[in-house]
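The structure appears right after this line, and notes come after that.
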Amino acid sequence: MSTFLGIPRKHAAQEESPLRGTLPFPKAARKELANGQLRRNLAHATSVIRTKRAQVVDEMPDWEALRDAGAATKTQVMSNLPALLEQFEANVIARGGVVHWATDAQEANRIVTDLVRAQGVDEVIKVKSMATQEIGLNEYLEDNGIAAVETDLAELIVQLGHDKPSHILVPAIHRNRTEVRDIFLAEMADAPADLTDEPRRLAMAAREHLRRKFLRSKVAISGTNFGIAETGTIGVVESEGNGRMCVTLPDTLITVMGIEKILPTFTDLEVFLQLLPRSSTGERMNPYTSLWTGVTPGDGPQNFHLILLDNGRTNALADQVGRAALHCIRCSACLNVCPVYERTGGHAYGSVYPGPIGAVLTPQLTGMHGHGDVNSTLPYASSLCGACYDVCPVKIPIPDLLVELRGRAVDADRGRTIPGGWDAAMKAASWIMSNPTRFAAVEKGLAAGRLVAGKDQKIKHLPFPGSAWTHSKDMPAPPKQTFRQWWKQTHPDTDQPGGPA
Amino acid sequence: MSSRDAVLNRIRAALAADTAPPPPIPRDYIRVGDNPPGSPPVLELMVDRLIDYKAVVREVTPDQLADAIDDALTGSRSVVIAQDLDPDLAAAAARSNRTVTIDGNPAVLTPAELDSIDAVITTAKVGIALSGTITLDGGPGQGRRAITLVPDFHLIVLHADQIVQTVPEAIARLDPLRPLTMIAGPSATSDIELERVEGVHGPRTLYVLIVG
Ligand code: SF4
């Protein structure tokens, strides 16, 4: 895809944002693939979470029914969004909260900054939040003389390491213990001099470092996992207790919430509080869940501000692919099962939303502007193996969405004067695949491909239009037999795979 | 136009092409467990899940409760309680020369004051066996959220009949307008090489006494 000779078009929407990278995925991935440490850390981490998730999901006899309920709830939410948001807003206000609306990152950042300034402080504590990462809030606050302290251990590691998160759930997954110790010793003024790289010691050093900040902070900033329209209740799901510290101890709490995080009723929590922890950390329940509604006199923050964030979500909503992607509850299960993510890591995607869902969501939130645009490469960052769909707690058909986006990337290129190789290859493929006789004929011919392949059974250079494919990846030599041929041979009584046995 | 109207208008425009109403939400997942609240299988499951989450659990009879509280608090010199905690529980906490501080009587404690107290003892609203979760709702004996957050040791007294089997049964017992804290084991992190470390910012020990 990166071979197109035309001049990359620059669009207004392509300005810098934590939601978009600067390198096309294949280029960024190649860089990350060279990092052996990253690959080892990722392989270990993703396999551990995968196993834990599978265990706790297997013990749920009603898991599929819960997924169906979760998916249907999200579909209802999207189609009913204006009424639900208005109901939610009214309930938050009725319970003493203040509600702000932000059309984009800039507006949300400005509202937060003004609110912090009004409290007369220059340091705030933060609980990990994808929404605030998406708008680049920490950087914006810093430019305005306000230090935002990340209190989630992994986010703290990323922040102190002047680094970027590489996973939605475990942002420092790309770091090992020795790297973490070195970061703490270099950047955390009160780190014990004899700090070892034992995870417990590192966690306790972070506890000490942050405790003073928790106890004296006047303002905290959080995201949300859910906002309940019926009651105005907000939920934050976490493990370390830093979330409870942030949403409970300071006088002022500022919460940034994407408009898609709404659930209609309090009862809906019975579904999502089962789907989320098991899919996310592979636990039956995360250690802490905080739910609050507006302001409770005498308990917790007495100033509560909620910012409802659009930032591209309404664009996504208008589109079938985008709308499906907005169902995401950010559990990160799809990242942990993705063979592409496991090898390239989160940084290759160039967005705060990496992995399979990131490859769908990022182009939807910030647009896909044809060949010159890095976002057009994201839908190809997938083997389409389907593992992401199988684990998704709200049944987002990620592979289908990626295929659709690939089609659009190709369509976007149709306007060009010279047809791209990819375009021609796709057209040829669809002509062949749309007719069983043609497809069978090609399958028979496939064995010839083995002759083109080298000793390692990989086809490295196909003639045009196949070159569009082999330019970016080796093509495995076709097997001796096709699946259909094998099926016929081993199941002589049936017509085709999937038929009655 | 206000940003509020702008966002709502954009949403309405985005949805304008939709005509068919979305399908209803299927609710054929398990809502009520096979076993009633507080029944032996439910308690057994709860204990198993809590231990799996590294909480300390003991099942006691009402007669054994006071001794069990004193015993659980062995390592603590000071304890904070809510004003409306059952006097019998407060008396048990005060045994062995422990200092008991009442939050809000005469004054509400600052975070720094709470930080100097070793332990907190509270009741709870509901326990969920299937997920090993205990929910606090600020009801009688539970106090403000801060008192169960800052001290390093949290002792919860839960009655057997407060423990239900499933998440939906628990949600049905909760009042959404109260500040709710759901707790499953002590705080924990797995951020460094996925190795679980118990006790980061909340209490490092969760001790549960199930009275039945
Ligand atoms: S797309 Fe599904 S699996 Fe992936 S993070 Fe979102 S909810 Fe989880």
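Coordinate-derived values only; no laboratory data. Treat the numbers as computed from the prediction; the structure is a model and nothing was measured. Virtual Cβ from ideal backbone geometry, glycine too; neighbours counted across all protein chains shown.
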- [ ] Tell me what chain B gives for mean residue ellipticity at 222 nm when only DSSP H runs of n ≥ 4 count, each as -39,500 (n - 2.57), the sum divided by the residue total, rounded to 500 deg cm²/dmol.
- [x] -7000 deg cm²/dmol
Task: Ranking of A:Val295, A:Val158 by count of other Cβ atoms within 10 Å, fewest first - done: A:Val295, A:Val158
TODO: Could you pull out every one of the aspartates and glutamates with an alpha carbon less than 18 Å from that of B:Lys125, ignoring same-chain neighbours closer than 8 positions?
DONE: A:Glu270, A:Asp299, B:Glu59, B:Asp84, B:Asp86, B:Asp137, B:Asp161, B:Glu169, B:Asp175
Task: Taking A:Ile396, B:Ile51 and counting other C-beta atoms within 10 Å, the order from fewest to most - done: B:Ile51, A:Ile396
TODO: Give, in nm to one decimal, the length gained when the segment between A:Leu185 and A:Lys31 is fully stretched (0.36 nm per residue of separation minus the Cα-Cα distance).
DONE: 52.7 nm
Open item on the list: If you average the C-alpha positions of segment A:45-98 and of segment A:108-124 separately, how far apart do those two centres end up, in angstrom?
Closed with: 30
Open item on the list: Suppose every Lys and Arg Cβ carries +1 and every Asp and Glu Cβ carries -1, with no other charges. What dipole size does segment B:31-211 come out with about its Cα centre, to the nearest 20 debye?
Closed with: 320
Task: Taking B:Ser96, A:Ser290, A:Ser17 and counting other C-beta atoms within 10 Å, the order from fewest to most - done: B:Ser96, A:Ser17, A:Ser290
